[in-house]
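Taking it in order: structure first as structure tokens, then the write-up.
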Amino acid sequence: MNSFYTEEELKNLGLKSYGKNVLISKKCSIYGAKDIELSDNVRIDDFCVLSGKIKIGKYVHVAAHCALYAGDVGIEIDDFSGLSGRCSLYAISDDYSGDYLIGPCVPDSMRHVISGKVILKKYSIIGAASVILPNVTIGEGAAVGANSTVTKSLGDWGIYIGSPAKWIKTRNKNLIEYAKKLEVENEL
């Protein structure tokens, strides 16, 4: 038994669009498939949750147990980026201040939902068990260390760790050449 959807099964999921060589685990939970766009060479592993307006570029891996809560504002993951296991991306979140009630079972008039698009730019990587909160852009080539919490946008080509995530050093850009080589090889 294949643990990923077949091409025919992918068609029946009702995704907005998907490219070539897309692998989605049959154990992935998908909510709002009509708002999800996947490019070429995307792999989404077991026990992931995809919910809301999501756009994923080419050569992106979403490892097991990741959750993408995009709501209407959206999550975008650009080319050659990835999420390690157990990452959570929130484009929407309740206000935890105590000034409001929380959760989807409470009337909207008694809640304050914080929302803002989450963007992972090209070549970014998010380490295992990290959390990205609403209205955050992860800069091109940025790497977020395991167990980090990102509350504010991060600059390009930095390595960030901690809770909240802080810059520790510059990331090497050699991977850009590998990506170019891979794209040229796949055009042949």
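No value in this document is a laboratory result; all are computed from the given coordinates. This one's a predicted model, so the numbers in the text were calculated from it and none came from an experiment. Here Cβ is always computed from backbone atoms with ideal geometry, including for glycine, and neighbour counts include all displayed protein chains.
When the chain is treated as a Gaussian network with alpha carbon springs shorter than 10 Å, the biggest mean-square fluctuation among 50, 101, 15 belongs to 101. Listed cross-link partners 27/169; 122/169; 11/180; 121/169; 27/166; 20/169 are compared with a 28 Å cut-off, the Cα-Cα value being larger for 27/169; 11/180; 27/166; 20/169. If I build a Gaussian network model for the chain, linking alpha-carbon pairs within less than 10 angstrom, which residue out of 142, 70, 129 has the largest mean-square fluctuation? Answer for the Gaussian network model of the chain: 129. Grab the beta carbon distance between residue 151 and residue 72, set R0 = 25 Å, and tell me the FRET efficiency rounded to 0.05. My answer for the efficiency is 0.70. Simple spin-label estimate for residue 33 and residue 49 gives 1.9 nm between the two label positions (7 Å along the Cα-to-Cβ direction from each Cα). Under 5 Å from the amide H of residue 41 lie the amide H atoms of 20, 21, 22, 59, each residue being 5 or more positions distant or on a separate chain, with H modelled from the backbone and absent for Pro and chain starts.
Pull up the DSSP beta bridges for the chain and report the antiparallel fraction as a percent, rounded to 5.
Close to 20 percent.
Among the chymotrypsin sites (Phe, Trp or Tyr not before Pro) in the range 24-122, which ones are in a DSSP loop with at most 12 other Cβ atoms within 10 Å of the Cβ? Mind listing them?
For chymotrypsin sites (Phe, Trp or Tyr not before Pro) across the range 24-122 that sit outside H, G, I, E and B with at most 12 neighbouring Cβ atoms in 10 Å, the list reads 96.
Here the extension length gained between residue 184 and residue 109 equals 21.7 nm, from 0.36 nm per residue of separation less the Cα-Cα distance.
Hey, what number do you get for the chain at 222 nm if only DSSP H runs of n ≥ 4 count, each worth -39500 (n - 2.57), divided across all residues, to the nearest 500?
Computed mean residue ellipticity for the chain: -3000 deg cm²/dmol.
Pick from 169, 27, 152 the residue whose mean-square fluctuation is largest in a GNM of the chain, springs joining Cα atoms under 10 Å. With Cα springs under 10 Å in the chain, the top fluctuation among 169, 27, 152 is at 169.
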